[in-house]
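Just below is one structure, and these are the notes that go with it.
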(Lines give C-alpha, C1' and ligand atoms only; values in the text may rest on other atoms or scores of the structure.)
Protein backbone atom coordinates (compact mmCIF):
# COMPACT_ATOMS: atom_id res chain seq x y z
CA UNK A 1 0.00 0.00 0.00
CA UNK A 2 1.43 3.36 -1.06
CA UNK A 3 2.28 5.68 1.83
CA UNK A 4 0.66 9.08 1.93
CA UNK A 5 3.11 11.91 1.18
CA UNK A 6 4.35 13.88 4.16
CA UNK A 7 7.04 16.28 5.28
CA UNK A 8 10.06 15.32 7.35
CA UNK A 9 11.99 17.03 10.16
CA UNK A 10 9.52 17.26 11.75
CA UNK A 11 7.18 14.67 10.31
CA UNK A 12 3.81 15.96 9.22
CA UNK A 13 1.07 15.30 6.66
CA UNK A 14 0.44 17.52 3.65
CA UNK A 15 -1.38 20.66 4.79
CA UNK A 16 -0.06 20.52 8.36
CA UNK A 17 1.31 23.75 9.88
CA UNK A 18 3.95 24.47 12.52
CA UNK A 19 5.32 27.69 14.04
CA UNK A 20 9.07 28.12 14.53
CA UNK A 21 11.22 31.22 14.99
CA UNK A 22 8.24 33.55 14.61
CA UNK A 23 7.26 32.03 11.24
CA UNK A 24 4.39 29.74 10.31
CA UNK A 25 5.32 26.86 8.01
CA UNK A 26 2.99 24.69 5.93
CA UNK A 27 3.74 21.18 4.68
CA UNK A 28 3.46 21.57 0.90
CA UNK A 29 4.59 18.96 -1.63
CA UNK A 30 6.70 17.14 0.96
CA UNK A 31 8.57 20.25 2.09
CA UNK A 32 7.97 22.87 4.79
CA UNK A 33 7.48 26.33 3.26
CA UNK A 34 6.97 29.67 5.03
CA UNK A 35 3.31 30.63 4.97
CA UNK A 36 3.26 33.64 7.33
CA UNK A 37 5.79 35.85 9.08
CA UNK A 38 5.10 37.96 12.22
CA UNK A 39 4.04 34.95 14.30
CA UNK A 40 5.49 36.29 17.56
CA UNK A 41 4.24 39.05 19.84
CA UNK A 42 6.49 42.02 20.65
CA UNK A 43 6.25 43.57 24.09
CA UNK A 44 8.79 45.91 25.72
CA UNK A 45 11.60 44.90 23.32
CA UNK A 46 11.00 41.17 23.87
CA UNK A 47 9.53 38.49 21.63
CA UNK A 48 6.94 36.02 22.90
CA UNK A 49 5.80 32.78 21.31
CA UNK A 50 2.13 32.12 20.63
CA UNK A 51 0.59 30.70 23.79
CA UNK A 52 2.96 32.58 26.10
CA UNK A 53 1.60 34.57 29.03
CA UNK A 54 3.30 37.94 28.70
CA UNK A 55 2.19 39.68 31.86
CA UNK A 56 -0.47 39.52 34.56
CA UNK A 57 -1.58 42.54 36.57
CA UNK A 58 -3.82 42.43 39.65
CA UNK A 59 -6.21 45.37 40.09
CA UNK A 60 -6.32 47.64 43.11
CA UNK A 61 -9.26 45.67 44.50
CA UNK A 62 -7.05 42.58 44.84
CA UNK A 63 -9.63 40.53 42.95
CA UNK A 64 -9.65 41.58 39.33
CA UNK A 65 -6.67 40.43 37.26
CA UNK A 66 -5.79 41.22 33.66
CA UNK A 67 -3.55 38.92 31.64
CA UNK A 68 -1.69 39.65 28.41
CA UNK A 69 -1.31 36.51 26.28
CA UNK A 70 0.26 36.03 22.86
CA UNK A 71 -2.32 34.40 20.57
CA UNK A 72 -2.56 33.50 16.90
CA UNK A 73 -4.79 35.78 14.86
CA UNK A 74 -4.95 34.44 11.31
CA UNK A 75 -1.77 35.43 9.49
CA UNK A 76 -0.01 37.02 12.49
CA UNK A 77 0.27 36.96 16.28
CA UNK A 78 -1.46 39.49 18.50
CA UNK A 79 -1.62 40.33 22.19
CA UNK A 80 -4.91 39.32 23.79
CA UNK A 81 -6.10 40.82 27.08
CA UNK A 82 -8.35 38.73 29.30
CA UNK A 83 -9.94 39.84 32.56
CA UNK A 84 -10.95 37.68 35.50
CA UNK A 85 -12.65 38.47 38.79
CA UNK A 86 -11.45 35.90 41.35
CA UNK A 87 -13.39 36.94 44.43
CA UNK A 88 -16.32 38.97 45.69
CA UNK A 89 -14.71 41.98 47.31
CA UNK A 90 -16.69 44.48 49.32
CA UNK A 91 -20.45 44.62 49.58
CA UNK A 92 -22.46 43.88 46.49
CA UNK A 93 -25.61 45.94 46.46
CA UNK A 94 -26.76 44.93 43.01
CA UNK A 95 -25.58 42.60 40.24
CA UNK A 96 -23.45 43.82 37.40
CA UNK A 97 -25.62 44.70 34.44
CA UNK A 98 -24.42 44.93 30.89
CA UNK A 99 -26.07 46.86 28.08
CA UNK A 100 -24.98 46.52 24.46
CA UNK A 101 -21.52 44.96 24.27
CA UNK A 102 -18.84 47.41 23.05
CA UNK A 103 -17.87 46.81 19.44
CA UNK A 104 -15.80 48.41 16.68
CA UNK A 105 -16.13 48.87 12.94
CA UNK A 106 -14.30 46.44 10.67
CA UNK A 107 -10.58 47.15 10.67
CA UNK A 108 -10.63 48.68 14.17
CA UNK A 109 -9.41 47.02 17.38
CA UNK A 110 -11.20 47.39 20.73
CA UNK A 111 -9.29 48.40 23.88
CA UNK A 112 -10.41 50.16 27.05
CA UNK A 113 -13.74 51.55 25.73
CA UNK A 114 -12.13 52.86 22.53
CA UNK A 115 -11.56 51.57 19.01
CA UNK A 116 -8.15 51.91 17.35
CA UNK A 117 -6.97 51.77 13.76
CA UNK A 118 -3.75 52.58 11.91
CA UNK A 119 -4.45 54.30 8.61
CA UNK A 120 -2.15 53.34 5.74
CA UNK A 121 -2.08 56.79 4.11
CA UNK A 122 1.01 58.84 5.02
CA UNK A 123 0.23 62.39 6.11
CA UNK A 124 1.69 65.25 8.13
CA UNK A 125 0.52 65.32 11.76
CA UNK A 126 -2.14 68.05 11.35
CA UNK A 127 -3.57 66.42 8.22
CA UNK A 128 -3.55 63.04 9.96
CA UNK A 129 -5.56 64.53 12.80
CA UNK A 130 -8.10 65.94 10.36
CA UNK A 131 -8.47 62.53 8.72
CA UNK A 132 -9.01 60.85 12.12
CA UNK A 133 -11.69 63.45 12.89
CA UNK A 134 -13.34 62.70 9.55
CA UNK A 135 -13.48 59.06 10.66
CA UNK A 136 -15.32 60.07 13.83
CA UNK A 137 -12.43 60.24 16.26
CA UNK A 138 -9.00 61.79 16.76
CA UNK A 139 -5.35 60.84 16.80
CA UNK A 140 -4.70 58.09 19.34
CA UNK A 141 -3.74 58.84 22.94
CA UNK A 142 -1.42 56.06 24.11
CA UNK A 143 -2.19 56.17 27.82
CA UNK A 144 -1.54 52.51 28.79
CA UNK A 145 0.62 49.57 27.80
CA UNK A 146 -2.54 47.86 26.55
CA UNK A 147 -3.16 50.60 23.99
CA UNK A 148 0.54 50.65 23.10
CA UNK A 149 0.41 46.90 22.42
CA UNK A 150 -2.72 47.17 20.25
CA UNK A 151 -1.19 49.88 18.07
CA UNK A 152 2.15 48.11 17.80
CA UNK A 153 0.40 44.93 16.71
CA UNK A 154 -1.53 46.88 14.08
CA UNK A 155 1.65 48.39 12.62
CA UNK A 156 5.27 47.76 13.61
CA UNK A 157 7.07 47.90 10.27
CA UNK A 158 6.61 51.65 9.66
CA UNK A 159 6.57 54.78 11.84
CA UNK A 160 3.14 55.91 13.05
CA UNK A 161 1.81 59.24 14.31
CA UNK A 162 0.15 59.38 17.72
CA UNK A 163 -1.77 62.24 19.31
CA UNK A 164 1.16 63.26 21.53
CA UNK A 165 2.55 66.77 21.09
CA UNK A 166 3.94 69.84 22.87
CA UNK A 167 2.46 72.42 20.49
CA UNK A 168 0.56 74.31 23.18
CA UNK A 169 3.25 74.17 25.89
CA UNK A 170 6.83 73.80 24.70
CA UNK A 171 8.66 70.79 26.21
CA UNK A 172 5.53 69.65 28.06
CA UNK A 173 3.90 66.85 26.11
CA UNK A 174 0.17 66.17 26.21
CA UNK A 175 -2.40 64.08 24.38
CA UNK A 176 -4.58 65.81 21.81
CA UNK A 177 -7.65 64.27 23.47
CA UNK A 178 -6.81 65.80 26.85
CA UNK A 179 -6.09 62.51 28.67
CA UNK A 180 -3.60 62.50 31.56
CA UNK A 181 0.00 61.80 30.56
CA UNK A 182 0.51 58.96 33.04
CA UNK A 183 2.35 56.51 30.78
CA UNK A 184 5.18 56.98 28.32
CA UNK A 185 7.39 54.82 26.14
CA UNK A 186 10.12 57.19 24.98
CA UNK A 187 13.07 55.96 22.95
CA UNK A 188 16.55 56.37 24.41
CA UNK A 189 17.49 60.07 24.86
CA UNK A 190 14.00 61.16 23.84
CA UNK A 191 12.32 63.57 23.86
CA UNK A 192 15.30 65.72 22.91
CA UNK A 193 13.25 68.95 22.62
CA UNK A 194 14.95 70.11 19.42
CA UNK A 195 13.25 73.21 18.06
CA UNK A 196 10.50 72.35 15.60
CA UNK A 197 10.11 68.76 16.84
CA UNK A 198 6.72 68.98 18.51
CA UNK A 199 4.81 65.83 17.51
CA UNK A 200 5.19 62.24 18.74
CA UNK A 201 5.58 59.24 16.48
CA UNK A 202 5.79 55.56 17.36
CA UNK A 203 8.95 54.11 15.86
CA UNK A 204 8.94 51.02 13.68
CA UNK A 205 10.38 47.75 15.04
CA UNK A 206 10.49 48.90 18.68
CA UNK A 207 7.30 50.91 19.29
CA UNK A 208 9.32 53.48 21.22
CA UNK A 209 8.37 57.15 20.94
CA UNK A 210 10.26 60.03 19.36
CA UNK A 211 9.47 63.74 19.05
CA UNK A 212 9.90 64.85 15.44
CA UNK A 213 8.83 67.59 13.06
CA UNK A 214 5.05 67.73 12.63
CA UNK A 215 5.47 68.20 8.88
CA UNK A 216 6.95 64.73 8.39
CA UNK A 217 4.56 62.25 6.79
CA UNK A 218 3.78 58.89 8.40
CA UNK A 219 0.94 56.45 8.80
CA UNK A 220 -1.24 57.45 11.73
CA UNK A 221 -3.15 55.89 14.60
CA UNK A 222 -6.76 56.96 15.17
CA UNK A 223 -9.10 56.28 18.07
CA UNK A 224 -12.84 56.67 18.48
CA UNK A 225 -15.45 55.61 21.00
CA UNK A 226 -16.69 52.03 20.78
CA UNK A 227 -20.30 51.35 19.88
CA UNK A 228 -22.25 50.09 22.91
CA UNK A 229 -21.64 50.69 26.60
CA UNK A 230 -20.78 48.86 29.80
CA UNK A 231 -22.75 49.79 32.90
CA UNK A 232 -22.33 48.63 36.47
CA UNK A 233 -25.21 49.06 38.92
CA UNK A 234 -23.27 47.99 41.98
CA UNK A 235 -20.63 45.69 43.43
CA UNK A 236 -17.44 44.76 41.66
CA UNK A 237 -16.92 45.63 38.02
CA UNK A 238 -14.67 43.09 36.29
CA UNK A 239 -13.16 45.85 34.25
CA UNK A 240 -10.74 45.41 31.37
CA UNK A 241 -9.58 48.94 31.89
CA UNK A 242 -6.69 48.18 34.24
CA UNK A 243 -3.59 50.13 33.10
CA UNK A 244 -0.42 48.07 32.63
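Could you please let me know if residue 149 is out of contact with any helix residue (DSSP H, G or I) (no Cβ under 8 Å at 6 or more places or on another chain), crowded, with 17+ Cβ neighbours inside 10 Å and modelled with pLDDT of 85 or more?
In short, yes.
Inside the stretch 108-140, can you point out the residues that are buried (at least 23 other Cβ atoms within 10 Å of the Cβ) and part of a loop (DSSP other than H, G, I, E, B)?
Scanning the stretch 108-140 gives a single hit, 140.
Can you tell me how many residues within the stretch 11-40 are under 23 Å from the mean Cα position of the chain (by Cα), in contact (Cβ under 8 Å) with a residue 12 or more places away in the chain and at positive phi?
The qualifying residues number 2.
Please work out if residue 182 is surrounded by fewer than 17 Cβ atoms within 10 Å (Cβ to Cβ), more than 22 Å from residue 127 (Cα to Cα), in contact (Cβ under 8 Å) with a residue 40 or more places away in the chain and within 24 Å of the chain's Cα centre (by Cα).
Here the answer is yes, as residue 182 does meet what is asked.
Across the stretch 200-217, which residue is farthest from the chain's Cα centre (by Cα) among those that are in contact (Cβ under 8 Å) with a residue 60 or more places away in the chain and surrounded by 22 or more Cβ atoms within 10 Å (Cβ to Cβ)?
202
Among (1) free of Cβ contacts under 8 Å to residues at least 40 places away in the same chain; (2) farther than 25 Å from residue 182 by Cβ, where does residue 168 come up short?
(2)
A quick yes/no check of all residues on (1) outside the structural domain of residue 151 (by TED's automatic domain parsing); (2) out of contact with any helix residue (DSSP H, G or I) (no Cβ under 9 Å at 6 or more places or on another chain); (3) modelled with pLDDT of 90 or more:
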| site | (1), (2), (3) |
| --- | --- |
| 37 | yes, yes, no |
| 46 | yes, yes, no |
| 61 | yes, yes, no |
| 76 | yes, no, no |
| 80 | yes, yes, no |
| 114 | no, no, yes |
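Please go through the stretch 152-162 and pick out each residue that is free of Cβ contacts under 8 Å to residues at least 60 places away in the same chain and either touching a helix residue (DSSP H, G or I) at 6+ places or on another chain (Cβ under 7 Å) or over 18 Å from residue 179 (Cα atoms) (or both).
Restricting attention to the stretch 152-162, the residues satisfying the condition of being free of Cβ contacts under 8 Å to residues at least 60 places away in the same chain are 157, 162.
Residue satisfying the conditions is 157 alone.
Only one of (1) outside the structural domain of residue 43 (by TED's automatic domain parsing); (2) modelled with pLDDT of 85 or more; (3) surrounded by fewer than 17 Cβ atoms within 10 Å (Cβ to Cβ) fails for residue 71. Which number is that?
It fails just one condition, (1).
The values are calculated or read from the model by the stated rules, or taken from the named source; none is laboratory data. Everything numeric here is computed off the predicted structure, so don't read it as measured data. Virtual Cβ from ideal backbone geometry, glycine too; neighbours counted across all protein chains shown.
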